[in-house]
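Accompanying notes for the structure given below.
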Amino acid sequence: MKGITGLSWGIVLLSLLLVPVLVSGEDTSPDLSAEYAEIQSFRSIDNASLALYAGQNALQAGRYEEALGEYTNVTELDPSWMAAWYLKAYSLTKLNRSQEALVAIDKALALDPTDRDSNNLKADILTGLGRGSEAGQYRRTPVAPPEAPSAPVTATTTKKAPIHTLTLIAGVFGIVLTAGAYGNPGLSTPEKGDE
């Protein structure tokens, strides 16, 4: 059989793509490179989402201590998540920990003062603490419709991980070789006399 088969080309292409990455010596660890800070933030958001989901399952099953642990994890991973602060406060009220619930609901309200559920929960907590006159203002808090942005919202570009130069060259070379193998049938198929 003459020439190189498709499998051989695949192995050559794979080795051309992987070898530069493996032997480049370039340190791409997230701790040492600023380009990977955004990737790390996405990981923490994913972990926060998973913890929020686990907390909701625990809350629905009446496992308030477990739910509280999950919501505490969420608020540590993403302190700007208003719903996590609300759910943490709600879990704390179910555990009769009103003072801690008041602190958590205040953080939720700091993130979104117009949230009706957060305002109602704060009113409930204050009423439970014997502060009914103060609670009344949270029950009357009007929920304003969201404002339309004054300027068009534009997407921001994100910085992607850099492609190593040798990997790029190897990839282009592999594509050229593959295209050449399929463009010349003599390289990838046996001739009739060789069978």
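Every number here is computed from the coordinates shown, using simple stated rules; none is lab data. Nothing here was measured: the structure is a model prediction, and the numbers come from that model. Note: ideal-geometry Cβ built from the backbone for every residue, glycine included; neighbour counts use all protein chains shown.
Results, tabulated for the structure shown:
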read-out	value
Rounded to whole Hz, the Karplus (6.51, -1.76, 1.60) HN-Hα couplings of the stretch 101-109, x for glycine and proline	5, 4, 5, 5, 5, 5, 5, 5, 5
For Tyr53, Tyr71, Tyr90, order by how many other beta-carbon atoms lie within 10 Å, fewest first	Tyr53, Tyr90, Tyr71
Value of Rg/Rh across the stretch 90-131 [Cα atoms, Kirkwood radius]	0.94
